[in-house]
Amino acid sequence: MTSHPSPSGYRGLSLWHDDPTLDWTPQDPLTGSTDVDVAIVGGGYTGLWTAYYLAKADPSLRIAVLEREVVGFGASGRNGGWCSAIFPATLRRVAAGTTRDAARRMQVAMNDTVAEIDKVVAGEGISCDFKLGGYVSVARNEAQWARAQAEVAGWREWGFGEDHMRLLDRAEADDRLHASAVFGGTFTPHCAALNPARLVRGLAEVVRGLGVRVHEATGAEELSPGLVRTSRGDVRAGVVIRATEGFTAQLPGYRRAVVPMYSLMVATEPLPEDVWERIGLRSRETFSDKRHLRIYGQRTGDGRIAFGGRGAPYHYGSRVKPGFGQNPRVHAMLRRILRDLLPDLGAADFTHAWGGNLGIPRDWYPSLSFDRATGMAHAGGYVGDGVATSNLAGRTLADLITGRESDLLTLPWLSRQSPKWEPEPLRWLGVNAGTAVFATADRTEARTGRPSRAASSFWKVLGH
Ligand SMILES: Cc1cc2nc3c(=O)[nH]c(=O)nc-3n(C[C@H](O)[C@H](O)[C@H](O)COP(=O)(O)OP(=O)(O)OC[C@H]3O[C@@H](n4cnc5c(N)ncnc54)[C@H](O)[C@@H]3O)c2cc1C
């Protein structure tokens, strides 16, 4: 189990935690056993969005959010701040278990979710530098350019037009993001950049205002129908929601449910205006390129670049530790990739380096469930795309629990169960082999321009 860092320790967790406007002192720990209608374990976006929509739908509900550390300790406080319409499972995978129409509706629901978050953030006055500037992804070798073209053609086959995703020629891509070696790219308007910690902390304030009890420094030790045993007392509840994402494997009974993968990030100092004039991102578009091992960046509200990527090792036995977010090799690699991508950065300093654990289900397909008979519910498994997906999960769980009929209840991700991960050492071998295959493929493609067969085969194994 994780130890509790001091409030100043929390401040060191990421660029976003190191924010003088945020106070990380744990608030309102549980003081003895209690009864509620809904107990939510995990104070990240999933837990808080669910609490928000439940409290809005039925103000009489007694809701408690139980957070072992502080709200925003997990991925919700540390992420890249892309509020995107990316659903981690491909539409092909979604349609395979349902219909093409259901898969299309899933994507439309994701697009709508970005707009929903915009609406709530503005309506509730959450100050989180939200900017709906879209997402530009550049292709930087022939293999990446071929993927960009195939991606856009794929969206057309699904009936999504230019307003969903469009191909950019070299000049258009360059106009949005002046990166090196650009062949072209893609652009979607369905993505916003935001400050993740301010969103999660702001949400906690909003739900407290709606009467939800948010107990920090209150770790759940066991979840069962009607009861959450915590370090500070029992919480008896009609409904128990598991919203622990990348920490789920630490809970008894869930060791093989989701793999905690670390994604690591770095941030530059605030860049001067003349550098921004050269780099672009005038609408604060989020950005990446088309490599296999995903990278992601944003122009922050205070003019930095926050930039992250996969590539950190998976730790045997699904272990999770704050220290795993610090990996000098991967952080140096990220700084190198960003300088190579954006030569206009020049000698800009990097001020922050951090990481966090996200949750990967065995089939890379997020899920949510509510069993009315036992009162047990869960949502998660968003891979690296949980900022918006968790909102959709929260709205859907609220409808399920309050019994409100809605279109959300017909979306195909409901009540699907992802298979369990393999026992160790197979899990460790498989996950780290995947990372190695993608890293090698990216290097080979950059050198030869030819699409990597090994990477395509691995994507197929993952259902892409
Ligand atoms: C570095 C990084 C970058 C990312 N970038 C993006 C991005 O740009 N866009 C995007 O869409 N997604 C991104 N993601 C993924 C996204 O952040 C997550 O999918 C999302 O935040 C998950 O929210 P959550 O509430 O389900 O989980 P979390 O935010 O991880 O919250 C779970 C909470 O549960 C608490 N908890 C755990 N165990 C217990 C227990 N036993 N008792 C009580 N509390 C417990 C934890 O302390 C934690 O606060 C990124 C993730 C990382 C790590």
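Data table
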item: Qualifying position, being surrounded by 13 or more Cβ atoms within 10 Å (Cβ to Cβ) and either free of Cβ contacts under 8 Å to residues at least 12 places away in the same chain or under 18 Å from the mean Cα position of the chain (by Cα) (or both), among LEU462, LEU411, LEU392; result: LEU392
item: Test: residue in segment 33-52 that is at pLDDT 95 or above, assigned to a helix (DSSP H, G or I) and more than 19 Å from the chain's Cα centre (by Cα); result: no
item: Qualifying position, being outside any helix (DSSP H, G or I) and surrounded by fewer than 16 Cβ atoms within 10 Å (Cβ to Cβ), among GLY154, GLY161; result: GLY161
item: Pick from segment 380-424, criterion hydrophobic (A, V, I, L, M, F, W, C) and part of a loop (DSSP other than H, G, I, E, B), ranking: nearest to the ligand (Cβ to nearest atom); result: TRP413
item: Subset of segment 240-249 (residues that are within 6 Å of the ligand (Cβ to nearest atom) and either in a loop (DSSP other than H, G, I, E, B) or more than 15 Å from the chain's Cα centre (by Cα) (or both)); result: ALA243, THR244
item: Some residue of segment 346-354 being within 16 Å of the ligand (Cβ to nearest atom), within 20 Å of the chain's Cα centre (by Cα) and within 20 Å of GLY44 (Cα to Cα); result: yes
item: LEU91 vs. criteria surrounded by 24 or more Cβ atoms within 10 Å (Cβ to Cβ) and in contact (Cβ under 8 Å) with a residue 40 or more places away in the chain; result: no
item: ILE279, sole failed condition from (1) within 16 Å of the ligand (Cβ to nearest atom); (2) touching a His at 6+ places or on another chain (Cβ under 9 Å); result: (1)
item: Residue within segment 125-133 that is part of a helix (DSSP H, G or I) and either within 14 Å of the ligand (Cβ to nearest atom) or in contact with a helix residue (DSSP H, G or I) (Cβ under 9 Å, 6 or more places away or on another chain) (or both) present; result: no
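The values are calculated or read from the model by the stated rules, or taken from the named source; none is laboratory data. Note that the structure is a prediction, hence the values are computed from the model and not measured. Glycine also receives a Cβ, built like all others from the backbone with ideal geometry; neighbour counts cover every protein chain displayed.
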